[in-house]
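Below is one structure, written out as structure tokens; the observations come after it.
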Amino acid sequence: MREVRTMLFWRAVAAEFVGMLLFIFAGLSTIVGGGQPGTALELKVSLSLGHVSGAHLNPAVTLGLMFSCQISAVRCVCYILAQMVGAVTASVIVNSYKPGEALGVNQARLNVGVGAGFIIEFFATLQLVLWGSAPLAIGLSVGLGHFAISFTGCGINPARSFGPALIQGKMKDHWVYWLAPLCGGMAASLIYDFMIFPQARNLRSRASVLLNGPEDRNNLMEASGEEDK
């Protein structure tokens, strides 16, 4: 857990908060202005913050990367908390000057049964995470995931669904928008890790990443001179 003692780590966590806040705020504001949020916005945020935190901007992406032992467990937890707080903060700001208007439109709703909704959100998120965390891949994958809009509102991002739902107090069946995307993210990481790009890492090396983060990231921190003495 030595990475938590560096400014690079907390800078990355802050980037996830700021990125999520900007993404949700701009998306909701676009709705208020009569437009519809597109994938270009998430692509722009990803390009701006990708070098800082990886621009996950989605708990399902973050959990998937941890599940495939690409980030540490503590980074996963901190990123997800930052994403949730960013989404809630953006929802509060927009709701303060347009109560209910934008949040109502952005609210993820099930127009199908819970089981069907779970399956749709699961596979929509699976393909999102499977494309990888590169900004272009995220944009294209979110576009594909939007085919689910008429059925579930296209959640595929637990934090994005959580912000408006919490502020409006509309949490019915909200577990679907957490469990399905998170399961989809973990399934995608397994497919990538063991089928598409198998990695011959033993349990010891995987455990080391989960505890301390990737070795190359640790080397970067040491080279930056930011690690505590």
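In the stretch 167-188, the residue that is nearest to the chain's Cα centre (by Cα) out of those that are at pLDDT 90 or above and among the aliphatic types (A, V, I, L, M) is LEU182. Selection of the stretch 50-81 for residues being assigned to a loop (DSSP other than H, G, I, E, B) and of a type in the set (Val, Ile, Thr) yields only ILE71. Return the residues of the stretch 155-184 that are open to solvent by 10 Å² or more (accessible area, probe 1.4 Å) and of a type in the set (Phe, Trp, Tyr); say none if nothing qualifies. Selection gives PHE162, TRP175, TRP178.
Residues in the stretch 153-185 that are farther than 15 Å from ASN95 by Cα and touching a Leu at 6+ places or on another chain (Cβ under 6 Å): ILE156, ASP173, LEU182, GLY184, GLY185. Checked against (1) modelled with pLDDT of 90 or more; (2) of a type outside the set (Asp, Glu); (3) farther than 17 Å from VAL85 by Cβ; (4) surrounded by 17 or more Cβ atoms within 10 Å (Cβ to Cβ), MET7 meets all criteria but (4).
All told, ALA187 meets the bar of being farther than 25 Å from ILE24 by Cα and open to solvent by less than 70 Å² (accessible area, probe 1.4 Å). If you check GLY38 against the conditions, is it modelled with pLDDT under 75 and open to solvent by less than 50 Å² (accessible area, probe 1.4 Å)? So GLY38 fits the description; yes.
Just name the residue that is modelled with the lowest pLDDT out of those in the stretch 138-166 that are of a type in the set (Val, Ile, Thr) and assigned to a helix (DSSP H, G or I). Among those residues, the one meeting the criterion is ILE138.
The values are calculated or read from the model by the stated rules, or taken from the named source; none is laboratory data. Bear in mind that the values here come from a model prediction, so they are computed numbers and not experimental data. FYI the Cβ positions are ideal-geometry reconstructions off the backbone, even for glycines, and counts take in every protein chain you see. Ligands, DNA and RNA are excluded from the accessible area calculation, which covers all protein heavy atoms including side chains. Shrake-Rupley method; radii C 1.70, N 1.55, O 1.52, S 1.80 Å.
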